[in-house]
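Q: Once you've had a glance at the structure underneath, I'll fire off some questions.
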Amino acid sequence: MSESQTEVFLYKYLPFSAGALDTLKKGTMKFTCPSDFNDPFDCVPEIDLNSIQEIPKRKPELIKAAAQQRGIPPEKIGEHIPEMLQRMEDAVTSGVWAKDLVSGVGICSLSRDPLNILMWSHYANDHKGFCLEFRIPLYGEQHEMSNYLEWLVPHEVTYEEERPLLEIHDRSDNALDKQFLIKSTLWKYEAEERVIDHKRGPGIHSYDRSKILNSVIAGMKMEHPELGQLNNVVEKMNQEIGLNVQLYQARPVKGRFALCVPEHPKLSET
């Protein structure tokens, strides 16, 4: 995304379920703890074990905090440093360190691609679910707002061949980007952007439907009972909060392994 952009269209793939329908009925969205992701490498950068030995010199406050937590008096800290560093290394190699770091973080994953066959298969119940289209403000208004989480303002994920390597004491913005916004190139098809919630953490949180919800797209295999129910939910939401969100349904493109959304202003077949 360039800094000249003022908005971006992003998409949330969902199965047809009560929780998914609540994204429309209640304006709530699930933010997942990274330790529950399906990719065991996601948000788990490799830690430079040599950097652990540098902690007493570069981050002595970490040693003091660890000593205080274990009830070690200040005058005894020096003799316990080797033991504490070994415990840190054990926590890193066992995965406990990485799990503790992300335990208070919630992530809502969105995609730039609403027509990806694999995404519909993996995240929208084999094309029987639906997809929310968001029109999200990025710059300008974003600088003025405090409710960026409710507007689902995202960070773009990048895809790389090599796993990020971080020093254990590095909590800079660059290090956080490496931890939360770099995935294997195998996941590139997802075209992912992430809303990262350090404030509320994992859980079901509100988002502002009236500001960013643009349309709803049913999967090509959604059958009439579910399609009728989804249509009723969209119509009731529109009446309750004064929106004009349209419901569409994805269709196969004739002669191609591809999808389109008939009558949608951006996604109909050209």
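Q: Quick check for me: using +1 on Lys/Arg Cβ and -1 on Asp/Glu Cβ, what's the dipole size of segment 1-137 about its Cα centre, in debye to the nearest 20?
A: In debye, rounded to 20, segment 1-137 gives about 480.
Q: Can you tell me which aspartates and glutamates have their Cα less than 13 Å from the Cα of Lys30? Leave out same-chain residues fewer than eight positions away.
A: By straight Cα distance, Lys30 reaches Asp22, Glu150, Asp197.
Q: In the chain, which helices (entire DSSP H runs) extend 15 Å or more along their own long axis, judged by Cα positions, while averaging at least -0.5 on the Kyte-Doolittle scale?
A: Details: long enough: 77-94 (25 Å, -0.34); 224-241 (25 Å, -0.82).
Helices passing the filter in the chain: 77-94.
Q: A further question on this structure: By how many nm would the segment from Glu61 to Ala258 grow when fully extended, if each residue of separation counts as 0.36 nm and the alpha-carbon distance is taken off?
A: Extra length available between Glu61 and Ala258 comes to 65.4 nm.
Q: How big is the dipole moment of segment 210-270 about its Cα centre under a simple scheme where the beta carbon of each Lys and Arg is +1, that of each Asp and Glu is -1, and everything else is neutral? Debye, nearest 20, please.
A: Dipole size: approximately 260 debye.
Q: Ok, one more. Run the accessible area of the chain with a 1.4 Å probe and give the carbon-and-sulfur part as a rounded percent.
A: Answer for the chain is 49 percent, counting heavy atoms of protein chains only.
Q: Send over a whole-number figure in Å² for the accessible area per residue of segment 1-76, probe 1.4 Å.
A: Numbers: 4430 Å² over 76 residues.
I get 58 Å² per residue for this part.
Q: Set Lys and Arg Cβ to +1 and Asp and Glu Cβ to -1, take the dipole of segment 133-270 about its Cα centre, and tell me which of Gly242, Met220, Leu149 lies farthest positive.
A: Going by the charge dipole, the pick is Met220.
Q: Where does the chain land at 222 nm, in deg cm²/dmol rounded to the nearest 500, when only DSSP H runs of n ≥ 4 count, each adding -39500 (n - 2.57), divided by all residues? Spell out each step's value before the answer.
A: Values: 10 runs with 88 residues, N = 270.
The helix-only estimate for the chain comes to -9000 deg cm²/dmol at 222 nm.
Q: Dipole of the chain (Lys/Arg Cβ +1, Asp/Glu Cβ -1, origin at the Cα centre): which of Val253, Ala98, Ile136 lies farthest to the positive side?
A: Val253
Q: Please compute the alpha carbon radius of gyration of the chain, then divide it by the globular-protein estimate 2.2 N^0.38 Å. Two decimals is fine. The partial results should precede the final answer.
A: Values: Rg = 22.4 Å, N = 270, 2.2 N^0.38 = 18.5 Å.
The chain yields a ratio of 1.21.
Q: Which pairs in the list Lys57/Lys178; Lys26/Lys178; Lys25/Lys99 are over 28 Å apart, alpha-carbon to alpha-carbon?
A: Lys26/Lys178; Lys25/Lys99
Q: In segment 1-102, which chymotrypsin sites (Phe, Trp or Tyr not before Pro) fall in coil by DSSP and have 16 or fewer other Cβ atoms within 10 Å?
A: Within segment 1-102, the qualifying chymotrypsin sites (Phe, Trp or Tyr not before Pro) (loop, at most 16 other Cβ atoms within 10 Å) are Phe37, Phe41.
Q: I would also like to ask the following. Please list the equivalent ellipsoid semi-axes of segment 173-270, computed as the square roots of five times the alpha-carbon gyration tensor eigenvalues, in descending order and whole angstrom.
A: For segment 173-270, the ellipsoid semi-axes come out as 30, 23, 12 Å.
Q: In this model, which of Lys199/Lys266; Lys128/Lys211; Lys59/Lys183 are farther than 30 Å apart at the alpha-carbon?
A: From Lys199/Lys266; Lys128/Lys211; Lys59/Lys183, over 30 Å: Lys199/Lys266.
Q: Please give the FRET efficiency for His224 paired with Ser121, using the beta carbon to beta carbon distance and R0 = 22 Å, rounded to the nearest 0.05.
A: 0.55
Q: Report the net charge of residues surrounding Glu190, where surrounding means a beta-carbon distance below 15 angstrom and charges are Lys +1, Arg +1, Asp -1, Glu -1.
A: Taking every Cβ under 15 Å from that of Glu190, the sum is -2.
The values are calculated or read from the model by the stated rules, or taken from the named source; none is laboratory data. Just so we're clear, the structure is a prediction, and the values are computed from it rather than from any experiment. Positions of Cβ are generated from backbone atoms using ideal geometry, with glycine treated the same way; all protein chains shown enter the neighbour counts. Side chains are part of the model used for accessible areas, which takes the heavy atoms of the whole protein and leaves out ligands, DNA and RNA. Shrake-Rupley method; radii C 1.70, N 1.55, O 1.52, S 1.80 Å.
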